[in-house]
Amino acid sequence: MPVIQEEPVNVLGAPLVPCSTDPLTGYFRDGCCNTCSEDASSHTVCVEVTLEFLEYSRFAGNDLSTPHPEFEFPGLKEGDRWCLCAGRWLEAHEQGMAPRIFLQNTHMKALEIIPRQLLEQYATRIN
C-alpha cells in the first residue's frame, strides 16, 4: 500500500484538515484528501457534492451515487463531502457542473491541475 510521503499541506499553506469520515473519503480512505505518487488521478479536492454534479459524474462514466458494498462504498448523496479527483473537478467546471470546494481540506497538489483563482472562486465559506 502506498504511503503519504510528506506532511500534508492544504492550498492555503496550512496543515491539511480532514474532508469527511462519513462517508469515509480520500485516496487512503483516511478522511483526508492526501495523495502520493501512486495517486495518478490526484484525489485532492474536497467538495460538497450536489445532485447536478452526481448526475454529471454518472453521465461522464463515474457513478458516485450507486452503493458498492464490495468496495465498502455507500454511494454519495447531495451534501456529502468527498475527495474528488482534480481533473474530474476541472472537467465539471468546464461543463458548468463543478461543486463547491473546501480550501482548508483541499491538498496543495490540486494546484498542479486547477489554478488557485478558480479554486477560490468555488470556495465555500463554511468548513
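Summary table below
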read-out: Rg in Å to one decimal, and Dmax rounded to a whole Å, for the chain via C-alpha atoms; value: 13.4, 38
read-out: Simple label model, 7 Å out from Cα along Cβ direction - residue 68 to residue 113, nm; value: 1.6 nm
read-out: Cysteines in the chain that, by Cβ-Cβ distance, have no pairing candidate under 4.7 Å; value: 32, 36, 85
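Quick note: the coordinates plus some simple rules give every number you see, no bench work behind them. Worth saying up front: this structure is predicted, and the values here are computed from it rather than measured. In this analysis, Cβ positions are derived from the backbone assuming ideal geometry, glycine residues included, and neighbour counts consider all displayed protein chains.
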